[in-house]
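Asks: Structure in structure tokens, see below.
The values are calculated or read from the model by the stated rules, or taken from the named source; none is laboratory data. None of the values given here were measured: they were computed from a predicted structure. We place every Cβ from the backbone using ideal geometry, glycine too, and count neighbours over all the protein chains shown.
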Amino acid sequence: MPPTSTYTEAELVHLLRQRADNGFNYLYHHYSAALLTVIRNFVPHSPEVAEELLQEVYIRVFRKIDLYDANKSRLYTWMAQIARNLCIDELRKQKMVAGSKNQLTESDVDELVATPAANPDRIGMAALLTRLPAGEKDALTLAYMQGHTQQEISELLAVPLGTVKSRMRNGLKKLRELIGER
Amino acid sequence: MTAKEYIESGAIEAIVMGLADEQEVQLQQAMELMYPEVKEAREAFEESLEQLDRREANQPSEAANQRITAMLQQELEKFRQIHPDTPGSARVVSLVSEPAPKPIKWLRSALAACVLLLMGSILINFYYFSKFADYRTRYNELLTQQNTLLTRQQNLEAQFTVMKDPEIKQVRMNAVAAGAPLLATVYWNTKTAEVYLLMNNMPKPQPGKQYQLWAQVDGKMVDAGVIDPNDQQLALHKMKNFNEAAAFAISLENEGGAPEPTLTAVQVLGKVI
């Protein structure tokens with residue numbers, strides 16, 4: 001049953017650390033839709049897989065709640081990061097099963113050239129990334145969607161490390177504007 | 001770099017999206033301590049990303065809702081079995097027994113009830129006292145932590161003043177052994193000849209050993225000072241002054257340092273560009 005009260009972030013974190021029923025109940029009902037959006041950035045075509053990943057996110061949040069540091073980020077950012085890491089691991093597992101080596105595969109290239117017209121089901125951050133200029137989109141997609149380090153991106157795209165850094169920074173500045181527009 | 005420049009640089013967006021490395025995270029934390037507007041900008045971006053995710057209507061299915069809330073309930077119960085003093089798991093234990101039904105012995109039963117109540121009260125006192133002791137310890141820990149943080153903040157502010165001086169030349173010293181994640185940085189004021197060292201990522205030396213900084217002058221390695229292994233943390237060390245240097249390096253020597261570097265023990269090296 002959805003809870004009727006609302007909590008400030010500090011109150012909610014306190015309830016969660018106390019392992020109170022209403023804390024986790026609220027956490028689920030208030031954040032599950034937003035977290036599902038994050039997950040569907042990564043697995044847009046599989047709603048069942050997305051819901052399994054959502055369950056895993058909540059298990060991890062429950063077990064790691066004592067590690068959450070309110071000075072470093074807000075609660076949602078921390079949970080969204082857990083969700084993103086889980087999705088990246090899941091996609092890597094799927095890739096290994098498919099037998100590809102650590103170089104750009106066809107699906108990577110598809111990912112990189114995706115335009116809004118080609119992928120109408122792109123949502124949230126994934127949709128915004130497709131609106132960036134090519135160089136910045138490639139770098140940020142490899143970093144955000146696949147969890148590659150700047151060094152790996154430099155090798156994958158065959159550009160200098162400095163170029164990767166500046167493309168990512170410029171891309172992030174543009175993302176901020178795009179988000180502010182809406 | 002001013003707070004405004006930092007906020008415009010895209011660094012905050014990288015942090016919030018999980019794309020920053022350890023150094024960038026530490027810089028962010030330092031900037032937030034020094035400039036409240038940096039923290040505000042970070043929180044504002046976090047909120048806008050949350051709103052972005054909420055904009056799409058992605059409600060989980062009813063089946064998923066039930067499955068996940070049931071799973072969370074299971075996790076809670078497992079947790080409470082392992083941690084029985086969790087506040088959320090209060091169990092009510094009856095402290096007062098039913099009075100004996102025999103009317104003649106009601107006094108004895110009343111006495112038994114009083115003794116039980118007293119025992120209960122004593123137990124509760126022990127419980128609250130241990131809670132109090134626990135909170136007092138935690139409070140003291142927080143005070144200590146706060147002092148440490150204040151000192152750290154002062155150090156960071158001082159470092160920042162040095163690092164942003166335009167006369168400063170930054171010399172990055174990377175690992176000599178390929179792939180080793182070592183890093184140290186020299187901040188050299190070419191005008192005043194002052195040399196500062198930041199040990200970004202250098203493991204603590206074994207007992208009896210000490211890191212030593214060297215400057216390459218006219219083709220020879222000159223001693224630039226040793227680093228106290230107990231004071232290695234992220235703080236600027238002031239080393240010896242140098243008017244000229246073509247490169248800097250750090251080697252691992254015996255405690256007390258050496259007159260010349262042990263070439264096989266050089267850890268990191270950087271040329272002055």
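Asks: Might you let me know whether segment A:72-81 holds any residue that is modelled with pLDDT of 70 or more, over 29 Å from residue B:57 (Cβ atoms) and either in a helix (DSSP H, G or I) or out of contact with any helix residue (DSSP H, G or I) (no Cβ under 6 Å at 6 or more places or on another chain) (or both)? Working first, answer last.
Replies: Taking segment A:72-81 as the starting set, the residues that turn out to be modelled with pLDDT of 70 or more are A:72-81.
If we keep only those that are over 29 Å from residue B:57 (Cβ atoms) as well, we get A:72.
Subsequent filtering for residues that are either in a helix (DSSP H, G or I) or out of contact with any helix residue (DSSP H, G or I) (no Cβ under 6 Å at 6 or more places or on another chain) (or both) retains A:72.
Yes, some residue in segment A:72-81 is modelled with pLDDT of 70 or more, over 29 Å from residue B:57 (Cβ atoms) and either in a helix (DSSP H, G or I) or out of contact with any helix residue (DSSP H, G or I) (no Cβ under 6 Å at 6 or more places or on another chain) (or both).
Asks: Hey, could you check segment A:151-182 for residues that are in contact with a Ser or Thr (Cβ under 7 Å, 6 or more places away or on another chain) and of a type in the set (A, V, I, L, M) and say which is surrounded by the most Cβ atoms within 10 Å (Cβ to Cβ)?
Replies: A:164
Asks: Also: Are there any pairs, at least 6 apart or on different chains, whose C-beta atoms fall under 7 Å, with the first in segment A:156-182 and more than 8 Å from chain B (Cβ to nearest Cβ) and the second part of a helix (DSSP H, G or I) and surrounded by fewer than 14 Cβ atoms within 10 Å (Cβ to Cβ), and if so, which?
Replies: A:161/A:151
Asks: Looking at (1) touching a Phe, Trp or Tyr at 6+ places or on another chain (Cβ under 8 Å); (2) farther than 28 Å from residue B:82 by Cα; (3) within 7 Å of another protein chain (Cβ to nearest Cβ), can you tell me which one residue A:51 breaks?
Replies: (1)
Asks: Which residues, counting only those in segment B:1-21, are farther than 26 Å from residue A:54 by Cα and either buried (at least 16 other Cβ atoms within 10 Å of the Cβ) or without any contact (Cβ under 8 Å) to a residue 40 or more places away in the chain (or both)?
Replies: Of segment B:1-21, the ones farther than 26 Å from residue A:54 by Cα are B:1-12, B:21.
The answer is B:2, B:3, B:4, B:5, B:6, B:7, B:8, B:9, B:10, B:11, B:12, B:21.
Asks: Then there's this: Just checking, how many residues over segment A:30-48 are more than 8 Å from chain B (Cβ to nearest Cβ), under 19 Å from residue A:7 (Cβ atoms) and not hydroxyl-bearing (Ser, Thr, Tyr)?
Replies: Residues meeting the conditions: 1.
Asks: Looking at B:77, B:22, B:5 in this structure, which one is more than 30 Å from residue B:152 (Cα to Cα) and at pLDDT below 95? Let's see the steps before the verdict.
Replies: On the way: B:22 fails: more than 30 Å from residue B:152 (Cα to Cα); B:5 fails: more than 30 Å from residue B:152 (Cα to Cα).
B:77 is the lone residue from the list that is more than 30 Å from residue B:152 (Cα to Cα) and at pLDDT below 95.
Asks: Could you pull out the residue among A:24, A:62 that is more than 18 Å from the chain's Cα centre (by Cα), more than 24 Å from residue B:48 (Cα to Cα), at pLDDT 90 or above and of a type in the set (A, V, I, L, M, F, W, C)?
Replies: Values: A:24 fails: more than 24 Å from residue B:48 (Cα to Cα).
Only one candidate qualifies: A:62.
Asks: Here is a follow-up. Quick check, is residue B:125 more than 30 Å from residue B:30 (Cβ to Cβ) and part of a helix (DSSP H, G or I)? Spell out how you get there, then give the answer.
Replies: Details: more than 30 Å from residue B:30 (Cβ to Cβ): yes; part of a helix (DSSP H, G or I): yes.
Considered against the rule, which asks whether it is more than 30 Å from residue B:30 (Cβ to Cβ) and part of a helix (DSSP H, G or I), residue B:125 comes out as yes.
Asks: Name the single residue, out of those in segment B:35-58 being in contact with a helix residue (DSSP H, G or I) (Cβ under 6 Å, 6 or more places away or on another chain), of a type outside the set (Lys, Arg) and closer than 17 Å to residue B:1 by Cα, that is surrounded by the most Cβ atoms within 10 Å (Cβ to Cβ).
Replies: Looking at the filtered set, the residue picked out is B:41.
Asks: Can you confirm whether residue B:43 is at the interface with chain A (Cβ under 7 Å from one of its Cβ atoms), in a helix (DSSP H, G or I) and in contact (Cβ under 8 Å) with a residue 24 or more places away in the chain?
Replies: Numbers: at the interface with chain A (Cβ under 7 Å from one of its Cβ atoms): yes; in a helix (DSSP H, G or I): yes; in contact (Cβ under 8 Å) with a residue 24 or more places away in the chain: no.
Taking the combined requirement at face value, the residue does not satisfy it.
Asks: Which one of these is assigned to a helix (DSSP H, G or I) and more than 9 Å from chain B (Cβ to nearest Cβ): A:59, A:65? Outline the logic, then answer.
Replies: Numbers: A:59 fails: more than 9 Å from chain B (Cβ to nearest Cβ).
Checking each option against the conditions leaves just A:65.
Asks: I've got another one for you. Provide a single number: the residues in segment B:1-35 that are facing chain A (nearest Cβ under 10 Å) and hydroxyl-bearing (Ser, Thr, Tyr).
Replies: 1
Asks: Continuing with the same structure: Part of a helix (DSSP H, G or I) and farther than 23 Å from residue B:85 by Cβ: is that true of residue A:35 in this structure? Before the answer, list the steps.
Replies: Numbers: part of a helix (DSSP H, G or I): yes; farther than 23 Å from residue B:85 by Cβ: yes.
The answer is yes for residue A:35.
Asks: Considering (1) under 21 Å from residue A:147 (Cα atoms); (2) free of Cβ contacts under 8 Å to residues at least 24 places away in the same chain, say which one residue A:40 fails and leave the rest.
Replies: (2)
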